[in-house]
Amino acid sequence: MGKAPLTPPKPPTSKPKGCRNHPGVLAVWECDACHTRFCNQCIKIKEFGNVRMELCPLCGGRAINLRPQAPKTDPTRLTPQPFTNLIPGAFLYPLRGQGKYILIASFVFLGIVRLLSLLPVVGFMAALFASVLYLAVVGYVIAFLFSVVNASSDGEIELPDLPDFTDWIDDLFRPALKMAGTVLFCFGPAIVYKLIGPLELIYDFTVNRNILFLLLGLGGLLWPMTVLSIALHDSVAGLNPVLILRSIFRIFPSYLVACLFLFIAFALSAFFDLIPIAGPILGFFVGFYFSIVEMRIIGLLYFTQSKKLAWFD
């Protein structure tokens, strides 16, 4: 018996791209039950309260959109974009969401504390109470500013909630100690050099102002990255000089832009301190406002440059 002639395999059949009812029209919906495809004109739409559903006109099954869908974005977080695009919004950041109420409350509360600090203190207990109150407020403000850095580094759009206060050590003293560590790390050399001044007559040593300004400038250059590092690492490991210097050089152009705008925010804050009478109180509030702006800029620096920094990879 002769062998039956070989028949070539049939080419795989692909589902037509056109609509079942309108073959010349591209189908953009497919029934999840009967797998029939339809165009926009054929599909049935039903609404159940606030929910809208597209249904198959043949079997009533759920229709699936065949067009590629854009990934859903989280409305509470920023979308990835260049660092410089986010800086202008940082100056309005304290007014977002509940920020307005935080600012109003802080204006009243910080104003009262500031007034109390200006009043003459009589008696040891009164002086002790004023000192403890002032240090507690400073610690709480610093804890809030660190939370701004963390929220901004994660791309959150609005201000974080006010920090909880359950423990004096962890909630007030520890944040203040971290900020003191950043100040000493960055400006310690300038502080020590300045303290040598009173010893001029004894040791025949003259403090050179140019050197002092150079040390202050270098400290100001280190300060943003140091704050960012200790805020995200949440430990003394963030004060690693090798890590800080290496991180600055990795993102040097963006880092210089951040330093420039941080200086602008600092200058605007210092300007209000010069206003007569209202300066001490208004300057305290404006200083708090621009401190939030500064922490926002520092946090956004990590949000946009985290891959280059690679701290936690």
Would you be able to tell me the number of residues in the stretch 64-105 that are touching a strand residue (DSSP E or B) at 6+ places or on another chain (Cβ under 7 Å) and modelled with pLDDT under 80?
1
Evaluate the stretch 146-156: report whether one residue or more is at pLDDT below 75 and of a type in the set (Ser, Thr, Tyr).
no
Condition check: modelled with pLDDT of 85 or more and within 30 Å of Pro253 (Cβ to Cβ). Does Leu58 satisfy that?
no
Out of curiosity, is Ser247 surrounded by 20 or more Cβ atoms within 10 Å (Cβ to Cβ) and either over 29 Å from Ser106 (Cβ atoms) or at pLDDT 90 or above (or both)?
yes
Yes or no: Leu133 more than 26 Å from Lys307 (Cβ to Cβ) and modelled with pLDDT under 70?
no
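The values are calculated or read from the model by the stated rules, or taken from the named source; none is laboratory data. Since the model is a prediction, treat every value here as computed from it, not as a measurement. Virtual Cβ from ideal backbone geometry, glycine too; neighbours counted across all protein chains shown.
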